[in-house]
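As structure tokens, the structure follows; a few thoughts come after it.
Readers should treat all values here as calculations from the given coordinates under stated rules, not as data from a laboratory. Note that the coordinates shown come from a computational prediction; the quantities given were computed from them, not determined experimentally. Positions of Cβ are backbone-derived with ideal geometry, glycine not excepted, and every protein chain shown enters the neighbour counts.
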Amino acid sequence: MPYGQSSTAYTLTFSEEFNSYNTSVWNDHIWYESSNATKNYTVEDGKLKIWPQRDASGNFFNRTIDTDGKYYQTYGYFEMEAKLPYGKGTWPAFWLFNHEAGAHPYRPEIDILEAYAGGGPNSGWSDSALRPTAFASTVWPNGIEGGPHAGSKTFQNLGDLSAGFHKYAVKWEPNKITFYFDGKEMYSVNASMSNRMYMILDLWYGSASGTPDNSTPQGKSNSFEVNYVRAWQFK
């Protein structure tokens, strides 16, 4: 059942425990990019791991793992248990999205988790070692290009989110969207979003995290580690 929720209210519809990498469920790039040939992700020890890495051209590159074209859901509860990477430029995220033909510019988006460890202590995003201590959640009923957002909130002073696993979740109801951290309700937004959406796990760079550089730890030991992703429908 969803962590901290009543088991009688939900039916499990999606359960990815990452015992293997299932290409019938997951893509390894977002639809408008091609897959970078440099391998910076794997499934091992029951976890999906995505890590910062320079490619053959010497550049850090985005890696997106998503269920586009393979799994969609409208409404319900979506939960991930994960440990975040750290360092300049790192921008891990867990979100729901829709870009179906004819929908543009209405591309609904629910950002469950976005973290910007490269921001540093003065930004409120991380500590002096550029380890993430905060994350943000945002609701975009018409997408970023169709804006504005219906609500956004940053949750700060959570401790080092790269030191251990935490649960990041959203309850998506027809007229309300509520975000949770380790089972605790953190924030809710009154918004109506009825388009089906797919799930995205990614490690991108930039925005409030800055540009990655030689100080950004590369390799598997600095992974965005995802223990599981699960979804439920309301009974």
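Overview of values
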| quantity | calculated |
| --- | --- |
| Net charge of neighbours whose Cβ lies under 14 Å from the Cβ of residue 147, counting Lys and Arg as +1 and Asp and Glu as -1 | -2 |
| Additional length obtainable on full extension of the chain from residue 21 to residue 185, 0.36 nm per residue less Cα span | 55.9 nm |
| Fewest-first ranking of 25, 229, using other Cβ atoms within 10 Å as the exposure measure | 25, 229 |
| Loop sites in region 6-69: GluC sites (Glu not before Pro), DSSP, at most 13 other Cβ within 10 Å | 17, 33 |
| Whole-Å distance, taken between Cα centres, linking region 126-159 and region 91-121 | 10 Å |
| Net charge contributed by nearby residues that have their C-beta within less than 11 Å of residue 15 (K/R +1, D/E -1) | -2 |
| Region 178-235-region 1-78 distance, computed between alpha-carbon centres (Å) | 10 Å |
| Over 28 Å (Cα to Cα) - which of 83/153; 167/235; 184/220; 70/171; 184/235; 39/153 fall in this group | 184/220; 39/153 |
| Whether region 117-235 is rounded, prolate or oblate, judged on the alpha carbon gyration tensor where a/c under 1.5 counts as rounded | prolate |
| Given charges at Cβ of Lys, Arg, Asp, Glu: region 1-125 dipole, positive-most of 53, 76, 65 | 53 |
| Potential extension, residue 31-residue 8 segment - 0.36 nm per residue separation minus Cα distance | 4.6 nm |
| Candidates 214, 40, 157, ranked by Gaussian network fluctuation over the chain, Cα under 10 Å, top entry | 214 |
| Trypsin sites (Lys or Arg not before Pro) within region 1-98: DSSP coil, no more than 16 neighbouring Cβ in 10 Å | 39, 70 |
| FRET efficiency, 1/(1 + (r/R0)^6) with R0 25 Å, evaluated for residue 207 and residue 173 via beta carbons | 0.30 |
